[in-house]
Amino acid sequence: MNKILHFAFLLFGMTVFAQNLIPGQLDPTFQIGTGFEDGMDALAVQPDGKILVAGQGDTYQGVPFNRIIRLNADGSPDPTFTGMGNLLIYENYNEIALQPDRKILTISHYTNDVNSTTLYYHFKRLNTDGSLDTTFNAGGTGVVETPTSWISNMVVQPDGKIIIVGQFAQYNGVASKNIARLNADGTLDTSFVVGSGFNSSVYSLCMQPDGKVLVSGSFSSYNGSSVNGFTRLNADGTKDTTFTPASSTAVGKMGIQSNGNIVANAAYTINGVNKDGIVILNPNGTVITSNGTLPELTGATNERFLDFVVQPDDKIIAVGYFSQYGGVTIRHILRLTANGFLDNTFNPGSPGAMVQAIAAYPNNRYVISGLFTRYQSQSMNYIARINGLSGIQTPSGNTSQTICGSGTLASLAVTGQGITWYNAATEGNQLSSATPLVNGTTYYASQTISNNESATRLAVTVTLSTQSTPVFTPIGPICSGDSSQTLPTTSTNGVTGTWSPTFSTTTTRAYTFTPAAGQCATTATMTVTVNNNLTPTFTQIAAICPGADLVLPTMSNNGFSGTWSPAVNNTATTTYGFTPDSGQCARTASMTVVVNTATTPTFTPVSAICSGATLSALPTTSSNGIPGTWAPALNNLETTTYTFTPATGQCASTATMTITVNPNATPAFTQVSAICSGGTLSALPVDSNNGINGTWSPALNNLETTTYTFTPAAGQCATTATMTITVNPNATPAFTQVSAICSGGALSALPVDSNNGINGTWSPALNNTA
């Protein structure tokens, strides 16, 4: 049967008890009085130290209870636990487990009547007061209770979920062959996928710290894969393919040691020999053989282990029905070393009958129950609490200790009470604490408490070392105030320690190094010289004009290198700070470089000119006496801005002058109409339509067509203009001669248009008489 091995007792507030008592001895603070009247099969320890006990008994200290009871830490019954009132008359509990909320899971079996051998199984949950929890899997059918359908074992995960195993085909009507995981409320957890499950019964479970689950039983396959009665599942229910136990290993109860090794109550084969007992397996399931051949049950063939726990030190306390182990007579309870061999420091005496269950209890104690009525010659009806870890523990200390120079056994650092030194691990001769130490020798220390000496001794191998002198790289000289230098706390040859007096960055001092305790070294001294800081000197830079070259020296007149800040500025007077390079005993320095204000050259403005007019050269010396040059070249065709650049060596700024070049306008006139030769020709206007004054040439000529040129008067931006006046020649009208008439004859009016198209009039009036 699988029991819960470890509990988190972090909240348990009891005083630490029974340190350095003999392992296996009874815990005298657990007083059960008359105890139970019949055997008890199952145990569980609550985080508060109270103990749940269940089995065949139904009275405790003479008071009836209903097959399950809760005891206080001192062994008295807990009156707040009323128990389940509707337990079947022939029902006994097989397993108890606690959920994180302290509700109680139980597996029990019952028969229909006292004479029946047909067993039925119950799986239910009790409230913390022992009453039936009707909310657990409410409305569900769970595992149908029949003689061939049962739950054999369970384990509770840290999150409260429950893994159950046994022989069943379904849970709540859902197929789940011989294994299932339930939610904390008892409903089926469908995220735990078991596939076709196990093909035969499962008997035992063990939850590993990583969430994987060890499973054992009579099965030969899991979800279609061959597993031979012992396997490991991942947290999601899949088979862990890294787990490869030998096919000949048949496993019952299981547990985990701190290094991940698996402790199992098993029938196994090693080197061709069949064995039956506690075996230590590697994390992958293979038998560890490096420790040698482990002992096994050597009594009657029906003897067996029923339960065990793994102690915090990985030792194993096993209980059951047995009389010999490895040929040594030992009854019903024993302790094995972490490697699986009998631990002779465990002295439980001989319980009078089988021990069926064991559970870990706070402060290295363990609760056992079963069919025994005595323990170590004391009446203990069916339950007891015993001490677990080593009674008189081996004193503690480093097993290799180095002593500086010379010393005695009193020089060795060992923690314990009543320390006694020996020259051998067992037996041997006692040694005085004044015994001089010999280099390379191993000495052995035990401790004695209340006249009980520890069973084992601490082996201490001594090395006598020669004192070394700490060696340091000299410091300095340093500059006053240099905080970058410190005295090293570890010498170049590895000695750690402290210096005195306090390190000074302003005064030359001698310092003493004192090695830290535990090192074989002498003191050492070092003198650190502190030099005063000097001020860098520089030749003052003369005032400069704006924009002139400015370079600050990176080396002072007295030999200090460094840098200046801020960046050089040749346009404004600036004070610069000089910071010496590190490693020089120098202060900062400063220099102010004056940048004189620049004079602006002034000039008499040049009047605007007409495009193309003569433009005299610009003056090369300003009105305020600054010589320089102009750019660009003079241009008398368009308005241009000229820049004056002072000659070098003068604190003067540039200046500009814009010379306006006005464009020349073209005079515009109203065209004079053509005239007839000799016609009147008025004088041409001396002012153009667009206001330009001037004169015309040549003189007017009304006899022939002539082109006249207009020349603008001086001082006007205008071009010449021309006008051609057309003088048409005079034509002679031609008429058809009127024939002679007789005096007084009819005379038609003369035509007003000549044959060649000239219109006009005739005079005098017609006279047809003369």
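Quick look at the numbers
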quantity: Residue satisfying all of: in region 668-699; polar (S, T, N, Q) and loosely packed, with under 11 Cβ neighbours inside 10 Å; nearest to Thr720 (Cα to Cα) among these; calculated: Ser697
quantity: Residue list for region 233-244, filter: under 13 Å from Val155 (Cβ atoms) and surrounded by fewer than 23 Cβ atoms within 10 Å (Cβ to Cβ); calculated: Ala235
quantity: Asn381 touching a Lys or Arg at 6+ places or on another chain (Cβ under 9 Å) and either assigned by TED's automatic domain parsing to the domain that holds Asp58 or not in a strand (DSSP E or B) (or both); calculated: yes
quantity: Flag for Gln393 being surrounded by fewer than 20 Cβ atoms within 10 Å (Cβ to Cβ) and more than 30 Å from Leu306 (Cα to Cα); calculated: no
quantity: Matching residues in region 126-152 - criterion: being surrounded by fewer than 15 Cβ atoms within 10 Å (Cβ to Cβ), more than 21 Å from Arg102 (Cα to Cα) and of a type outside the set (Gly, Ala, Ser); calculated: Thr141, Val144, Thr146, Pro147, Thr148
quantity: Test: residue in region 271-281 that is at pLDDT below 90, assigned to a strand (DSSP E or B) and surrounded by fewer than 17 Cβ atoms within 10 Å (Cβ to Cβ); calculated: yes
quantity: Flag for Leu87 being over 25 Å from Ser191 (Cα atoms), modelled with pLDDT of 90 or more and aliphatic (A, V, I, L, M); calculated: no
quantity: Region 377-403, subset more than 51 Å from the chain's Cα centre (by Cα) and among the hydroxyl-bearing types (Ser, Thr, Tyr), residue nearest to Ile449 (Cα to Cα); calculated: Ser377
quantity: Where a residue in region 734-760 is in the same structural domain as Ala770 (by TED's automatic domain parsing) and loosely packed, with under 11 Cβ neighbours inside 10 Å and its partner, wherever it lies, is at pLDDT 90 or above and charged (D, E, K, R), with Cβ under 6 Å and at least six apart; calculated: Asn759/Asp753
quantity: Criterion violated by Thr441 - all others in (1) within 28 Å of Thr522 (Cβ to Cβ); (2) outside the structural domain of Phe503 (by TED's automatic domain parsing); (3) under 47 Å from the mean Cα position of the chain (by Cα); (4) at pLDDT 90 or above satisfied; calculated: (3)
quantity: Pairs, first charged (D, E, K, R) in region 587-608, second in a loop (DSSP other than H, G, I, E, B), C-beta under 6 Å, six or more apart; calculated: Arg587/Asn533; Arg587/Thr535
quantity: Count of region 404-417 residues which are hydrophobic (A, V, I, L, M, F, W, C), more than 44 Å from the chain's Cα centre (by Cα) and not in a helix (DSSP H, G or I); calculated: 2
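Residue-wise test of (1) buried (at least 22 other Cβ atoms within 10 Å of the Cβ); (2) assigned to a loop (DSSP other than H, G, I, E, B); (3) outside the structural domain of Phe308 (by TED's automatic domain parsing); (4) over 41 Å from the mean Cα position of the chain (by Cα).
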| residue | (1), (2), (3), (4) |
| --- | --- |
| Arg181 | yes, no, no, no |
| Ala184 | no, yes, no, no |
| Val193 | no, yes, no, no |
| Ser196 | no, yes, no, yes |
| Asp210 | no, yes, no, no |
| Phe219 | yes, yes, no, yes |
| Ala246 | no, yes, no, yes |
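The values are calculated or read from the model by the stated rules, or taken from the named source; none is laboratory data. The structure presented is a predicted model; accordingly, all values stated were derived computationally and were not measured. Using ideal geometry, Cβ is built from the backbone for each residue, glycine included, and neighbour counts are taken over all protein chains shown.
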